[in-house]
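Everything on this sheet refers to the single structure shown next.
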Amino acid sequence: MARAVIAIHGGAGAITRAAMSTEKEQAYTDALAAIVASGQAILAAGGSALDAVTEAVRLLEECPLFNAGKGAVFTHQGTHELDASMMDGRTLEVGAVAGVKHLRNPVLAARAVLENSPHALFIGEGAEAFAEQHGLEKVAADYFSTPERFAQLQRALGSEQAILDHDGAAGDPLDADRKLG
Amino acid sequence: TVGAVALDRDGNLAAATSTGGMTNKQAGRVGDSPIIGAGCYASNHTAAVSCTGTGEVFMRTLAAYDLAALMKYAGLSLQQAADRVIMEKVLALGGSGGLIAVDAQGNVALPFNSEGMYRGYGYVGEPAVINIYREE
């Protein structure tokens, strides 16, 4: 029997102690811990790795702290475009969606593609139609918006640069960009 | 960007990745997250991988698959392959970010070349490990 384990990430970037309040740090830590625990529980009950990663990413999409699902960043045009993918290491089957705007949980759409389609990747309206055919929840375009992400976009618009999700969380995105060379 | 990788008790690996992209990106731009082999990959023979960072660089390096290829064809360990991809190949092209990976033996690697990465892992029956900053 394998030593079951789950690992998760919520994005990388210019994340420093100096730019993080104690409260915000605790919020991120609590969210990550709860989601790892959820994955551990699925694996402990004999659940599959595919089920564990699906649920972990769905929970990350539900948490507005992270750049996926609720809390996703804005495009230059002030919209949201979401992408997701997954792969089953047992069979090498894959599923992915890109550029979707109304699917509450893009990772569930990726799972639907993996399980129900001979194709690997759907984009835009076709992806949304496929997900809807498989009973996945659609939401209004503004469901994904948060005040923090909108403020992040306003700072980035001034720089005319695209920035990684956690680089523009606070301060001048140009500073963050320079840090990363 | 968010992601998860897992190994279950039957020895099966899986990976998933999801993102909203980059703030202020042009509409229609797609990064590595939905691209199998770039931002997400899993094979029971090597590893499960989920990436986050400068999407275009992860696409140009086929980062997720490259980690698995380094294990399969060059005989590198999970940690060696993960470090090679993030600290050398991605960084050499000016890419910032990291990845999470687990192999069929249950080893975990979470390298990143940026200041921080929100990350955590937990073996069944053991306390979870949660970290944010580089020095942790």
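Read the figures in this text as sums done on the coordinates, not as results from a lab. Model, not experiment: these values are computed from the prediction. Every residue, glycine as well, gets a Cβ built from its backbone with ideal geometry; the counts of neighbours run over all protein chains shown.
Just a few scattered comments:
- Reciprocal of mean inverse Cα separation for chain B (Kirkwood radius, Å): 14.8
- Compared with the dominant principal axis of the Cα atoms in chain B, helix B:63-74 is inclined by about 50°.
- Among the residues of B:60-71, the average count of other protein chain beta-carbon atoms within 10 Å of the residue beta-carbon is 0.
- Potential extension, A:Ala45-A:Ala33 segment - 0.36 nm per residue separation minus Cα distance: 2.5 nm
- The GNM of chain A, with springs linking C-alpha atoms under 10 angstrom apart, assigns the highest mean-square fluctuation among A:Glu160, A:Glu62, A:Glu128 to A:Glu160.
- Cut-off 18 Å, label 7 Å out along Cα→Cβ of A:Glu160, residues of the range A:56-83 by amide N: A:76-78
- Computed from the alpha carbon atoms alone, the convex hull of chain A holds 140 Å³ per residue.
- R0 of 22 Å, Cβ-Cβ distance B:His45-B:Arg134: FRET efficiency to nearest 0.05: 0.10
- As a proxy for reagent exposure, ranking A:Phe144, A:Phe66 by other Cβ atoms within 10 Å from fewest up yields A:Phe144, A:Phe66.
- For chain A, the longest principal axis of the alpha carbon atoms and the long axis of helix A:106-116 meet at an angle near 20°.
- Peptides ranked, highest mean first, by Cβ atoms within 10 Å: ranges B:4-17, B:80-93: B:4-17, B:80-93
- Remark: relative contact order (chain A) = 20 percent; criterion is Cα-Cα distance under 8 angstrom and separation of 6 or more residues.
- For the range A:46-152, Kirkwood radius (reciprocal of mean inverse C-alpha pair distance, Å): 13.9
- Neighbour counting of Cβ atoms within 10 Å sorts the residues B:Tyr118, A:Tyr28, fewest neighbours leading, into A:Tyr28, B:Tyr118.
- Entry note, chain B: relative contact order of 20 percent, from Cα contacts under 8 Å with a spacing of 6+ residues.
- Cβ neighbours within 10 Å from other chains - mean over A:93-99: 5
- Seen against the Cα atoms of chain A and their longest principal axis, helix A:124-133 is set at about 40 degrees.
- Lysine pairs within the protein assembly as shown, Cα separation less than 16 Å, 8 or more sequence positions apart or different chains: 4
- The ranking of A:Lys101, A:Lys138 by Cβ neighbour count inside 10 Å, starting from the fewest, reads A:Lys138, A:Lys101.
- Average other protein chain Cβ within 10 Å of Cβ, residues B:36-45: 6
- For the protein assembly as shown, the direction-averaged projected area of the alpha-carbon convex hull comes to 14.3 nm².
- Pairwise inverse Cα distances across the range B:61-136, averaged and inverted, put the Kirkwood hydrodynamic radius at 13.0 Å.
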